[in-house]
Amino acid sequence: MCGIVAYLGDKQAYPILVNGLHRLEYRGYDSAGVALVTAGELKVYKCQGKVAELEAHVNGQDRSGTVGIGHTRWATHGQPNDVNAHPHVSTSGDLALIHNGIIENYAAIKEELLHRGHRFRSETDTEVLVHLIDDIRSSENMDLPNAVRLALESVVGAYAIVVLDRTNPDMLVAARKSSPLVVGVGENGEHFLASDATPIVEHTRNVVYLEDGEMAVIERGKGLRVLNMRNQEKTPFVQELEMHLEALEKGGYDHFMLKEIFEQPRSIRDSMRGRLNLAQSEVVLGGIKDHEQRFVNAKRIIIVGCGTSWHAGLVGEYLFEDLARIPVEVEYASEFRYRDPIIHEEDIVLAISQSGETADTLAAIEMAKSKGATIIGICNVVGSSIARVTHAGSYTHAGPEIGVASTKAFTAQVTVLTLMALMIGQRRGTLAASRFHQLINELDSIPAKVEKVLANDAHIRYIADIYRNATNALYLGRGYTFPVALEGALKLKEISYIHAEGYPAAEMKHGPIALIDEEMPVFVIATKGASYEKVVSNIQEVKARKGKIIAIVTEGDTVVKGIADHVIEIPGAPDCLVPLLSVVPLQLISYHIAVMRGCNVDQPRNLAKSVTVE
């Protein structure tokens, strides 16, 4: 991991590569580098740190050339430093390679190459692969595409790679398996390669998404060839990007995260657009239409995801069980695939991922497919791996999310899950017509209500300033708001580095209450609903231990307001829709605390946006 960009064309490659690396910074990384062929020489510049530090390192050196590769690395094998940064170079000095993913059997390959006289500079698995390609090419006297193909036959693991050859600067060779790679087709024979479309969209809107087990060979004057690992050529499917350049800019906000929090009224609306029909009193999800009856007849739904997507899945559990009366299990994708779960052919497996490339979720999908389950995907990125390997699914239409900590992706996922549960509940007859009609009208009003929550930003920032120096925090919710408590705690951990935990409010007295003292901020979602009186009792328990209560309450609440240290009001909504409103002030709390603590909000330490390795 984490970001790939490459260029071959008539323009100078270096500015395109560096700008592309800046576009990829949102994915999270710890070092950066580029390789260029300049007047027959392979020039490699790389260093630990940010892309800006790479630019300073390259400044004043020769960076000419019309072909090149660039990379931002998130460390897996070997700590972050200049030597372990990509690109890596072969023994001969002819080949440079960049790589996302993990080569699981690199140690065995490295041992064999050491016996053959190769010497290694880094601790990475990536350097082993470029040495292997070079060794095969020289010993077998074959061209670069075939050497890459043969080398990859020996590899166990996940990869997206691009190889640059000093001796043939008119060619780039790329390949992917379980890690995304997209080819941009520009004008006048120029081509771009990237791990996602963000570095490409300002140059061309025409792209080819490589499938698993495919290679791309780009040659100057000959264009793009796509082949499988049996060396069979296929006609590339060129499609037009839906992404727009302005979506990748901050638009006047200080950070992408803040912009994306404030985009939620629109992103929630976009997730409902064309799906929620008030006039006809129906919900239509075209992406799952062909499998709708399987959904209606399902005996069980299994939801898999990681991180924020797992929290969205927990909200989905409440939604499907409440509205559609179907039993639901929510699984961490990383655990699900390893515990030999019992899966039946009549099960529905819902896979949730913002990027559509999450390695653990993809592996869980493949395992569930092998057992005959119907796989439905919910993801944000058009053309992503999950969108292609599932039987059916729904895009969230949240637009690009650049901040590493998900915000609008969460509410978009919950919106799509709500639509699914409403639709299936109506089809199954488990939702009375009156309740269905009420809920779809309430759902339609959510974007306007989120705008009202965002209008309280100054008050939320004031509260954040009070607790900016906290070292621990507790988040409590019940029912539909328990997953929101988990998500609120995750946001605080991710971007401010404050230890925080989310709990069901009733569980607090079974352990976490021991942590509460007069320094402990406790964020409680205490909106009017089925568990309101119980939550009020839980708040009293915290106050009896001198804890500081920050409560999310329904507008007009007076009971909690008389107990809590601070309250943040949100508009009233049915219990099943409260997560879409109550999560927003928690996002803002985390954002403001992190900014006040001087943290890198958009690129928190150690995190990656798209986790394409296990």
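Readers should treat all values here as calculations from the given coordinates under stated rules, not as data from a laboratory. If you're wondering where the values come from, they're calculated on a predicted model, not measured in any experiment. Using ideal geometry, Cβ is built from the backbone for each residue, glycine included, and neighbour counts are taken over all protein chains shown.
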Once normalised by the length of region 250-451, the mean sequence separation of its alpha carbon contacts under 8 Å that are 6 or more apart gives a contact order in percent of 29
Taking the Cβ of each residue in Asp465, Asp270, Asp602 as the centre, tally the other Cβ atoms inside 10 Å and list the residues starting with the fewest. Asp465, Asp270, Asp602
Take each of the peptides 84-90, 257-263, average the number of other beta-carbon atoms within 10 Å over its residues, and list them starting from the highest. 84-90, 257-263
Give me the mean projected area, in nm² to one decimal, of the convex hull enclosing the Cα positions of region 2-246. 12.0
Go ahead and run the numbers for FRET between Arg230 and Ala433, Cβ-Cβ distance against an R0 of 60 Å, rounding to 0.05. 0.60
Using Cα atoms only, what is the angle between the long axis of helix 578-596 and the major principal axis of the chain, expressed in degrees (0 to 90) to the nearest 10? 60
Could you rank the peptides 26-32, 544-550 by their average count of other C-beta atoms within 10 Å per residue, with the highest value first? 26-32, 544-550
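Give me Arg597, Arg63 sorted ascending by neighbouring Cβ count inside 10 Å, so fewest comes first.
Result, fewest neighbours first: Arg597, Arg63.
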Roughly speaking, what is the stretch gain from His115 to Asp465, that is 0.36 nm per residue apart minus the C-alpha to C-alpha distance, in nm to one decimal? 120.0 nm
Please report, to one decimal in angstroms, the Kirkwood hydrodynamic radius of region 171-243 built from all distinct Cα-Cα pairs. 12.3
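If the limit is 26 Å between Cα atoms, which of Lys299/Lys371; Lys289/Lys528; Lys46/Lys110; Lys299/Lys408; Lys250/Lys493; Lys259/Lys543 go over it?
Distance filter (> 26 Å) returns Lys289/Lys528; Lys299/Lys408; Lys259/Lys543.
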Sequence ranges 349-361, 493-505, ranked by mean other-Cβ count within 10 angstrom, highest first: 349-361, 493-505
When the Cα centres of region 296-343 and region 480-538 are compared, how far apart do they sit, in Å? 23
Work the Kirkwood hydrodynamic radius out for region 1-87: mean of 1/r over every pair of different alpha-carbon atoms, inverted, in Å. 12.6
If you count the DSSP beta bridges with both ends in the chain, what percent of them are antiparallel, to the nearest 5? 65
Specify the angular offset, from 0 to 90 degrees and rounded to the nearest 10, of the alpha carbon long axis of helix 308-319 from the longest principal axis of the alpha carbons in the chain. 40
Taking 0.36 nm per residue of separation between Arg325 and Ser154 and subtracting their Cα-Cα distance, the length gained on full extension comes to 56.7 nm
Quick one: angle between helix 532-544 and the longest Cα principal axis of the chain, in degrees between 0 and 90, rounded to 10, please. 80
Over the chain, what is the relative contact order in percent, taking alpha-carbon pairs closer than 8 angstrom and at least six residues apart? 12
The chain: translational diffusion in µm²/s, Stokes-Einstein, Kirkwood Rh over Cα pairs, 20 °C, 1.002 mPa s: 84
Whole angstrom only: what separates the Cα centroid of region 1-79 from the Cα centroid of region 203-279? 22
